[in-house]
Amino acid sequence: MLTVTKLKGNKGAKPYSLPLKLKVCAIGTNQKYVTDGEKKEYTVVGLADTTDAIKGMVYDTSKLNNMQASATIILMNYIFKNENEGTVVITKTTKVLKKAQMDVPENLIEKGAAIANPPPAATLALRDVKRSPVKTLVSVKGRIISEDMAKTVKVRGQDVTVKTVSLKDNTDTIKVSL
């Protein structure tokens, strides 16, 4: 049977028929997205075995019926994407089977739970936010000093309402688009 560590050693995104036995550490919130004008949803789950923890993306929400937290499952016909820390993609063709409990080290269960429900971003001073890397999640705290009118812009062919506010703290002033 395949393990998470062996799976992470593979290259490229491809389907796997080899079974993967995992413990569900935690289930994240349901996220919605739009692709080609069609509304869809997915759920992030934290998974682990005796060797490591990995992120799971469930695109077929009916599969969540067999994936309660702390349940042990076997996955077949899943897709593995080796980007960042690696992701197991669970689609309608994936088989999710419940199995007898598997012992997983507590530190890997915690790692899997953090994958599904990441801790909130650190609150930074506005001066430090300007220097933070692009696409990094941060939290800010400040006083709203101005608020622009909401405007509609096109994002990937969809109309999205955007509102910009100016925040100020004792270190700097920034604009935040919501």
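Which members of segment 50-94 meet the condition of being among the aromatic types (Phe, Trp, Tyr) and over 12 Å from Leu7 (Cβ atoms)? Let's see the steps before the verdict.
Looking only at segment 50-94, we keep the residues that are among the aromatic types (Phe, Trp, Tyr), and these are 59, 78, 80.
Once the filter is applied, which keeps residues that are among the aromatic types (Phe, Trp, Tyr) and over 12 Å from Leu7 (Cβ atoms), segment 50-94 yields only Tyr59.
So which pairs qualify, if the first residue must be in segment 135-154 and within 30 Å of Pro119 (Cβ to Cβ), the second must be assigned to a strand (DSSP E or B) and charged (D, E, K, R), the Cβ gap must be under 7 Å, and the two must be at least 6 apart or on different chains?
Matching pairs, first to second residue: Gly142/Lys168; Arg143/Lys168; Ile145/Lys168.
Find the residue count for segment 78-88, including only residues that are surrounded by 15 or more Cβ atoms within 10 Å (Cβ to Cβ), touching a residue at least 60 places away in the same chain (Cβ under 8 Å) and assigned to a strand (DSSP E or B). Explain how you work it out, then say what you get.
Pass one, segment 78-88, residues surrounded by 15 or more Cβ atoms within 10 Å (Cβ to Cβ): 78-80, 82, 86-88.
Now narrow it down to the ones that are touching a residue at least 60 places away in the same chain (Cβ under 8 Å): 78-80, 82, 86, 88.
Checking the rest, the ones that are also assigned to a strand (DSSP E or B) come to 78-80, 88.
Number of matching residues: 4.
List the pairs whose first member sits in segment 98-109 and is in a loop (DSSP other than H, G, I, E, B), whose second member is among the acidic types (Asp, Glu), and whose Cβ atoms are under 8 Å apart, counting only residues at least 6 apart or on separate chains?
Cβ pairs passing all conditions: Met102/Asp49; Val104/Asp49.
Would you be able to say whether some residue in segment 147-167 is touching a strand residue (DSSP E or B) at 6+ places or on another chain (Cβ under 8 Å) and at positive phi?
Residues of segment 147-167 touching a strand residue (DSSP E or B) at 6+ places or on another chain (Cβ under 8 Å): 147-148, 150-154, 156, 158-167.
If we keep only those that are at positive phi as well, we get 156.
Taking every residue of segment 147-167 in turn, at least one turns out to be touching a strand residue (DSSP E or B) at 6+ places or on another chain (Cβ under 8 Å) and at positive phi.
Filter segment 56-74 for residues that are closer than 13 Å to Asn30 by Cβ and β-branched (Val, Ile, Thr); which is surrounded by the most Cβ atoms within 10 Å (Cβ to Cβ)?
Per the stated criteria, the residue is Val58.
Out of the residues in segment 32-55 that are among the hydroxyl-bearing types (Ser, Thr, Tyr) and within 17 Å of the chain's Cα centre (by Cα), state the one that is surrounded by the fewest Cβ atoms within 10 Å (Cβ to Cβ). Lay out the reasoning, then the answer.
Within segment 32-55, the subset among the hydroxyl-bearing types (Ser, Thr, Tyr) is 33, 35, 42-43, 50-51.
So of that shortlist, the ones also within 17 Å of the chain's Cα centre (by Cα) come out as 33, 42-43.
Values: Tyr33: 9, Tyr42: 19, Thr43: 20.
Among those that are among the hydroxyl-bearing types (Ser, Thr, Tyr) and within 17 Å of the chain's Cα centre (by Cα), it is Tyr33.
Looking at Val129, Val58, Val134, which one is touching a strand residue (DSSP E or B) at 6+ places or on another chain (Cβ under 9 Å) and in the same structural domain as Arg156 (by TED's automatic domain parsing)?
On the way: Val58 fails: in the same structural domain as Arg156 (by TED's automatic domain parsing); Val134 fails: touching a strand residue (DSSP E or B) at 6+ places or on another chain (Cβ under 9 Å).
None of the other options fit; the residue is Val129.
Mind listing just one residue for me: the one in segment 131-161 that is touching an Asp or Glu at 6+ places or on another chain (Cβ under 9 Å) and surrounded by 10 or more Cβ atoms within 10 Å (Cβ to Cβ) and, of those, modelled with the highest pLDDT?
Once the filter is applied, the top-ranked residue is Arg143.
Please determine whether any residue of segment 110-123 is surrounded by 13 or more Cβ atoms within 10 Å (Cβ to Cβ), in a strand (DSSP E or B) and touching a strand residue (DSSP E or B) at 6+ places or on another chain (Cβ under 6 Å).
Narrowing segment 110-123 to residues surrounded by 13 or more Cβ atoms within 10 Å (Cβ to Cβ): 110-117.
When the remaining residues are screened for being in a strand (DSSP E or B), the result is none.
Within segment 110-123, none of the residues are surrounded by 13 or more Cβ atoms within 10 Å (Cβ to Cβ), in a strand (DSSP E or B) and touching a strand residue (DSSP E or B) at 6+ places or on another chain (Cβ under 6 Å).
Residue-wise test of (1) within 17 Å of Lys99 (Cα to Cα); (2) at pLDDT 85 or above.
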site	(1), (2)
Thr29	no, yes
Thr35	no, no
Ile54	no, yes
Leu64	yes, yes
Ala69	yes, yes
Thr87	no, yes
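The values are calculated or read from the model by the stated rules, or taken from the named source; none is laboratory data. These numbers come from a predicted model, not from an experiment. Neighbour counts are summed over all protein chains in view; Cβ atoms, including those assigned to glycine, are modelled from backbone coordinates with ideal geometry.
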